[in-house]
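Working notes, beginning with the structure itself.
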Amino acid sequence: MGLELGFRWNEGPRRSPPPPSPYATSLLLSQALLDGGLIQQRRPGCLFVDMDATALLSPIADVLCGALGAIQLPADVPVQESTTRRIAQLHARGYQFALAGVASPDDPRLTWLPMIAFLKLDVSLAPASAWMPVQELARQAGVALIADRLTEPVDYLRLKAQGVRFFQGDLLGPPQEETPRALPSCDLDVLARLFRLARLGAPHDALAMAAAADPALVVRLLMLHRLYLNRLRPPASLTEALADLPELVLIGWLQVLRTSTFDLSPHTRSWSQAVREQIHNYRARLIGARACSSPAELEAKVFDLYRRLCSREPVAPARPPLLEGGGPL
């Protein structure tokens, strides 16, 4: 019914500590959903993505909306006015939450139960005497209970006999690691400009004009359009693609990309330059041949070529980080 996403660096003494969130969350979302194309490849169901308080309160949390996944709240997220208000706002907009690391019915985070869709009972920490009280709290709130960090067959059999339906842990399957093939890096200057315009509420045609300067960014925007809209027909223009994306989701993804983008490589620069040159020459040929009856038709034809060029993603060197899935639920 779902997959938990996790992040870690490559093996090695210099890469052992995980990066701080929301940096890790941005890298995870960018590499799993864009570079790795996890949704298109696996249809994994609900995605569970850990977010600490900093990531939760940032625009990054806005990207995990609707049926895409659940924002997973680890044990160190404090019960404060700011976090409770943010959870309530997102819940009112249809976002799902998972409460992870619950080991006691006295966990203060259980005050959020009316806004929670999934509750993860940490079997490795919770005494057996706490299992039934936590399960009863979940039942009363109409929350799906997941027995997490399961390692012992006897615990599985006992919890199953108590009516638990969902399980996660090494007993069911070890974490699966993936190294996604990296897309060309975005231009940080273009990203910053587009993020600023989006935050100011600029019209979609102005956003499209800014985004079109970076083919690597257009690749991602078109992927996001498919991810959230799931339409058979591609957008007729970049303006349409941007207008279709919810405003807060777009701003959230721009924040994700700003946080997770590395410096442009020579390979990326040459690819982006080649795409821009092809678009410029194609536009000039269309104008010279008077092949379009209106500016709108001209832009539609130019964008169609842009879209086809950007859909053929060049092979680029893999980035250092790895994805680590939390195993089946």
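The values are calculated or read from the model by the stated rules, or taken from the named source; none is laboratory data. Worth saying up front: this structure is predicted, and the values here are computed from it rather than measured. Cβ atoms come from the backbone with ideal geometry, glycine included; neighbour counts cover every protein chain shown. Side chains included, ligands, DNA and RNA excluded: accessible areas come from the protein's heavy atoms. Shrake-Rupley method; radii C 1.70, N 1.55, O 1.52, S 1.80 Å.
Things worth noting here:
- Pick from the range 202-220, criterion free of Cβ contacts under 8 Å to residues at least 24 places away in the same chain and assigned to a helix (DSSP H, G or I), ranking: nearest to the chain's Cα centre (by Cα): A210
- Residues of the range 126-155 that are within 31 Å of the chain's Cα centre (by Cα), over 18 Å from Q72 (Cα atoms), surrounded by fewer than 19 Cβ atoms within 10 Å (Cβ to Cβ) and of a type outside the set (S, T, N, Q): L137, R139.
- Qualifying residue in the range 188-200 (condition: crowded, with 16+ Cβ neighbours inside 10 Å and assigned to a loop (DSSP other than H, G, I, E, B)): no
- Note on the range 236-272: residues that are basic (K, R), over 25 Å from L57 (Cβ atoms) and either at pLDDT 90 or above or under 21 Å from the mean Cα position of the chain (by Cα) (or both) amount to 0.
- Residue count for the range 164-186, restricted to those that are crowded, with 19+ Cβ neighbours inside 10 Å and modelled with pLDDT under 90: 6
- Every residue from the range 177-192 that is acidic (D, E) and touching a residue at least 12 places away in the same chain (Cβ under 8 Å): E177, E178, D187
- Positions within the range 233-249 being assigned to a helix (DSSP H, G or I) and open to solvent by 10 Å² or more (accessible area, probe 1.4 Å), in sequence order: L238, T239, E240, A243, D244, E247, L248
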